[in-house]
Amino acid sequence: MVKRVAVTGAAGQIGYSLVPRIAAGEVFGPNVEVILQCLELGPALQALKGVAMELDDCAFPLLKGIVCTDKLEEAFEGVDLALLVGSKPRTAGMERKDLLLDNGPIFTGQGKAIEKVASKDVRVVVVGNPCNTNCLIAMNNAKSIPADRWTAMTQLDHNRAMAQLAAKAGVHSTDVKNVIIWGNHSNTQFPDWRHCTIGGKPAPEVIGDEAWMKDTFIPTVQERGKAIIDARGKSSAMSAASSALDHARYLYQGTPKGEWTSMAVVSDGTYGIPEGLLCSVPVTCKGDGTYDVVKGLDFSDFGKEKFQKSIAELQNERETVQGLLG
Ligand code: NAD
Ligand code: LMR
């Protein structure tokens with residue numbers, strides 16, 4: 001079996017960490033060959049050529065072809081999976097939503113091209129920021145593709161939340177299960193520990209410090225992207241690529257039994273999220289490209305208020321880009 005994978009912005013920071021791991025089989029497993037279809041802006045094609053040369057030099061057994069192009073339809077032709085990364089990152093002093101007017105328009109043309117030439121069973125993962133609303137834009141420009149094929153990445157926030165809880169509890173992050181990121185991939189997101197377990201025990205019991213949860217854990221996860229920019233002078237890239245792989249791998253290889261992850265998916269009104277918004281919720285994946293939203297989880301009053309704030313921000317972003325929604 002061969003899967004065609006489009007990666008936009010493949011010569012960028014995230015792209016450079018992402019493409020070798022896709023080529024190594026991390027998304028579809030060791031028995032599925034891949035063809036990488038890399039999209040870049042014209043001025044970055046020379047750098048992309050260098051990335052392709054390096055991919056050749058890796059001699060990946062599963063890599064069956066590399067397309068390098070600045071043409072949308074060539075990049076998305078027949079793709080099974082499209083990872084939409086290419087767009088501007090924020091710099092110090094900006095919030096992710098400040099990118100909306102620059103990056104939003106990229107996703108109208110990409111949505112249209114995906115609808116025209118991608119595989120009918122395509123899955124799209126949006127990483128470029130602000131990713132929830134960019135995904136909303138692309139999805140609304142490709143209305144013949146079912147809405148449940150479109151997801152945006154909050155896996156990085158999910159992984160960050162696991163790492164923070166693990167450090168506080170003095171355990172490995174693999175001992176932390178079922179944390180949740182609710183809302184937007186922004187500093188209004190609500191990283192929720194209420195249903196989380198650490199070493200099989202309820203996280204609130206293991207941490208035993210609600211003030212730390214509220215006053216340290218939440219803002220640390222919410223502002224981790226900014227902290228990385230302040231430390232590195234550039235936005236997160238290795239961890240973003242790794243999280244994009246986790247997100248795509250869960251779609252194609254499933255979430256572990258009894259565990260969920262977080263993804264921004266289109267709302268059908270569940271949890272009171274306005275219909276049509278791309279909002280992060282807990283999901284389980286069977287491994288066939290589909291997901292199920294985990295339903296029936298309860299919130300504290302504190303959590304409800306936090307989540308509502310993030311939903312309000314998503315609604316506001318949707319209003320800002322109304323003109324791009326096709
Ligand atoms: P980068 O500037 O290093 O690379 C972006 C690449 O995209 C560049 O090579 C650029 O030429 C290309 N590009 C720009 N517009 C394009 C277009 N219309 N079509 C194709 N390619 C295009 O940036 P990066 O660090 O790789 O980050 C990429 C995006 O991912 C940013 O928007 C960043 O904020 C976002 N991001 C999201 C998350 C998340 O958790 N969702 C995490 C990290 C970064
Ligand atoms: C992140 O969360 O690291 C990315 O979204 C980059 C950013 O702008 O914070």
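The values are calculated or read from the model by the stated rules, or taken from the named source; none is laboratory data. This one's a predicted model, so the numbers in the text were calculated from it and none came from an experiment. Heads up, the Cβs are rebuilt from the backbone with ideal geometry, glycines too, and the neighbour counts pull from every protein chain shown.
Based on this model, can you work out whether Asn187 counts as touching an Asp or Glu at 6+ places or on another chain (Cβ under 7 Å) and within 13 Å of ligand 1 (Cβ to nearest atom)? So Asn187 fits the description; yes.
Scanning region 204-260 for residues that are away from ligand 1 (no atom under 16 Å from the Cβ) and under 30 Å from Arg4 (Cβ atoms), we see that the one that is surrounded by the fewest Cβ atoms within 10 Å (Cβ to Cβ) is Lys257. In summary, strands (runs of 3 or more DSSP E) completely within region 27-116 and bearing 1 or more residues that are at pLDDT 95 or above and within 9 Å of ligand 1 (Cβ to nearest atom) occur at 33-39, 81-84.
Scanning region 70-106 for residues that are touching a strand residue (DSSP E or B) at 6+ places or on another chain (Cβ under 7 Å) and surrounded by 21 or more Cβ atoms within 10 Å (Cβ to Cβ) yields Ala75, Phe76, Val79, Asp80, Leu81, Ala82, Leu83, Leu84, Val85, Gly86.
Could you list all residues from region 141-199 that are of a type in the set (Lys, Arg) and either free of Cβ contacts under 8 Å to residues at least 24 places away in the same chain or within 17 Å of Pro219 (Cβ to Cβ) (or both)? Correct list: Arg160, Lys168. If you check Gln37, Gln13 for being assigned by TED's automatic domain parsing to the domain that holds Val126 and either more than 16 Å from the chain's Cα centre (by Cα) or loosely packed, with under 14 Cβ neighbours inside 10 Å (or both), only one passes: Gln37.
For region 255-298, which positions are among the acidic types (Asp, Glu), free of Cβ contacts under 8 Å to residues at least 40 places away in the same chain and not in a strand (DSSP E or B)? The answer is Asp268, Glu275, Asp288.
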